[in-house]
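Structure first, then comments.
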Amino acid sequence: MNEIANMPKAISLTDAAAKRVQEIIAQSNENYVGLRLGLKNAGCAGMEYTMEYATDIAPHDEIIKEKGVTILIDAKALLFLLGTEMDYEISKLSSGFTFKNPNQTDACGCGESVTLIPSNGQQIEGEGN
């Protein structure tokens, strides 16, 4: 059996997240190829998710195509995002993308940053991906 075929997706999207990404890209006047997801050092917990429009595909980007959406993941962030589910949530006071990440070990009190460890693949084994 092909090991690459058995590898889990780096990230999956809920229907709500896919719909919101489609809406954002459709409302733009630019010709974006997708949404680029990454991480940066920030906040009191250590890391923060980043999202930006992608006008091109970088040579080492991981390309995820799901539910009509293209997500590009920065190669440096890939091991930290393996097994993550991206959602879009709306509440009375806010709306935004959220991440359920099995590699997250902590978060700051304000919710702006997280502590992540690189995936060794074992956190997601047997999750039915």
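Quick one: Karplus J couplings for region 50-55, per residue in order, coefficients 6.51, -1.76, 1.60, θ = phi - 60°, nearest Hz, x for Gly and Pro?
Once rounded to whole Hz, the list reads 10, 9, 8, 5, 10, 8.
For region 17-28, what does the Karplus curve 6.51 cos²θ - 1.76 cosθ + 1.60, with θ = phi - 60°, yield as ³J(HN,Hα) per residue in whole Hz, taken in order and with x for Gly and Pro?
Result, ordered by residue: 5, 4, 4, 5, 4, 4, 4, 4, 5, 5, 6, 7 Hz.
Can you order the peptides 48-60, 88-100, 15-27, 67-79 by their average number of other Cβ atoms within 10 Å per residue, highest first?
On the way: 48-60: 13.0, 88-100: 11.4, 15-27: 15.2, 67-79: 17.5.
So the peptides 48-60, 88-100, 15-27, 67-79, ranked by packing, come out 67-79, 15-27, 48-60, 88-100.
For Lys19, give me every one of the lysines with a C-alpha distance below 26 angstrom, ignoring sequence neighbours fewer than eight places off in its own chain.
By straight Cα distance, Lys19 reaches Lys9, Lys40, Lys65, Lys67, Lys92, Lys100.
Computed from the coordinates by the stated procedures, all read-outs in this text should not be read as laboratory data. All values reported here derive from a predicted model rather than from experimental measurement. Note: ideal-geometry Cβ built from the backbone for every residue, glycine included; neighbour counts use all protein chains shown.
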